[in-house]
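To start, the structure under review is shown below, and the notes come after it.
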Amino acid sequence: MPQRLLPNDWELISDYVEVLQPLDEATRDVSTDNVPTASLVIPILYGLASFLQDYVNGQCSQRMPKMFAKYLIAAINTRFPMFEYMVPHCYCTVMYPRFKDGVLSQSRKEIVIKNVTKDLESAEKTSTKSFIRKTYRMSGNMFSTSPCEQLKCYWEESLLPQNENPCKWWVDNVGLFPALKNLALKYLPIPASERVFSTAGNMCTSLRE
């Protein structure tokens with residue numbers, strides 16, 4: 001006759017489920033076809049590390065689940081060392097209107113802004129229409145702002161609510177940020193790597209191919 005699980009066993013299972021649930025949600029998030037997934041990688045890794053550390057420091061009385069949480073923290077740090085420096089994920093993150101602020105550290109954000117500014121200035125100089133646009137702006141016949149001014153306005157925009165699609169936001173606001181459109185098109189469509197989480201590859205659909 002098989003042994004029955006004791007109340008202590010069920011409590012242990014419940015603790016393990018609590019630890020694993022955010023990883024299940026993260027795997028589903030980076031495997032979806034509804035939003036740009038590479039832009040989710042850094043916010044998700046921050047969220048997982050924060051949750052697991054809070055769990056380790058929490059009131060759970062079971063030793064094994066806490067050890068498991070510590071193992072997962074070590075695994076994240078080993079697999080994604082200095083993950084906020086991952087390129088192009090950090091650029092995907094800042095082009096996502098929901099995560100452009102409050103995810104990257106201030107020092108990293110300043111570096112990304114500096115690099116994005118250089119990209120915009122370079123694109124403006126090499127564009128065959130840049131001289132015409134500059135002439136129109138100087139003559140007052142055109143209301144569009146410079147790429148750097150657009151970037152500044154973009155940072156000042158409110159963060160996108162969780163239930164709104166960033167792709168639709170860019171479509172709706174392309175008139176306000178025409179110079180940023182190409183950066184959004186360059187970075188947002190990038191899918192998260194199938195190796196980000198162990199089961200993500202099994203959940204990717206043919207649309208990722």
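Check whether at least one residue in the stretch 50-59 is acidic (Asp, Glu) and modelled with pLDDT of 90 or more, and report yes or no.
For the stretch 50-59, residues acidic (Asp, Glu) and modelled with pLDDT of 90 or more: present.
Give me a count of the residues in the stretch 26-64 that are loosely packed, with under 13 Cβ neighbours inside 10 Å and closer than 28 Å to Val171 by Cα.
Here the count works out to 2.
Could you tell me whether Arg98 is more than 20 Å from Lys186 (Cβ to Cβ), modelled with pLDDT of 85 or more and charged (D, E, K, R)?
No.
Filter the stretch 145-182 down to the residues that are among the basic types (Lys, Arg) and more than 17 Å from the chain's Cα centre (by Cα), then identify the one that is modelled with the highest pLDDT.
Filtering the stretch 145-182 for residues that are among the basic types (Lys, Arg) and more than 17 Å from the chain's Cα centre (by Cα), the one modelled with the highest pLDDT comes out as Lys152.
Pull out all pairs, ordered by first then second residue, where Cβ-Cβ is under 6 Å, the residues are six or more apart or on different chains, the first lies in the stretch 83-95 and is part of a helix (DSSP H, G or I), and the second is among the small types (Gly, Ala, Ser) and modelled with pLDDT under 90.
Pairs found: His89/Ala38; Cys92/Ala38; Cys92/Ser39; Thr93/Ser39.
The values are calculated or read from the model by the stated rules, or taken from the named source; none is laboratory data. Here the structure is a predicted model, which is why all the values come from computation and not from measurement. FYI the Cβ positions are ideal-geometry reconstructions off the backbone, even for glycines, and counts take in every protein chain you see.
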